[in-house]
């Protein structure tokens, strides 16, 4: 199971100890921010975006750049579809996960594995505005003129083994996720940037089929 978990982390989250926090200051009224973030997120029924993922690995000189499509639908449904330079698909639907490549399709029950369940929760919390409810991380909130930044620091042994920090960048206008930067303990990181985001569009349930 170790290989499969590593593969899921690699394609799900986006891994040189590189932070983008320059220009951000601590939010003074974090209580109000939490309330507004949760309220805005509750209004999001669906998200459809394109994404660009840049992965920095210390063992490689060049960055690994991937592109694809991202979908979220209320009800704990996420679809990450890589289209360039290779085709790869990952679908989360409540407690089930499906990963598909050119060779095979694999299905998992996230409830049966603590690490998979934690990874599942990270992605969903970012979309649902519930990162403060995730006890596996402590959260610090910052702001710039146009963005909010949530810096999530692992608190449990499982997450500490995987990540040094997770950075979530939000648009100040409507709190939707602009970028996710996940930084590993070893110094590698992966940055996923979202563009052409459309919210509350009718997204078909068939996109989240895990069978």
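Assorted remarks:
- Among 156-166, 31-41, the order from most to least packed when residues are scored by Cβ within 10 Å on average: 156-166, 31-41
- Counted residue by residue at 0.36 nm each, then reduced by the alpha carbon distance between them, the extension gain from residue 45 to residue 158 reaches 37.6 nm.
- Cα centroid of segment 145-204 to Cα centroid of segment 81-133, whole Å: 15
No lab work stands behind these numbers, since they all come straight from the coordinates. Since we're looking at a predicted model, the values are computed, not measured. In this analysis, Cβ positions are derived from the backbone assuming ideal geometry, glycine residues included, and neighbour counts consider all displayed protein chains.
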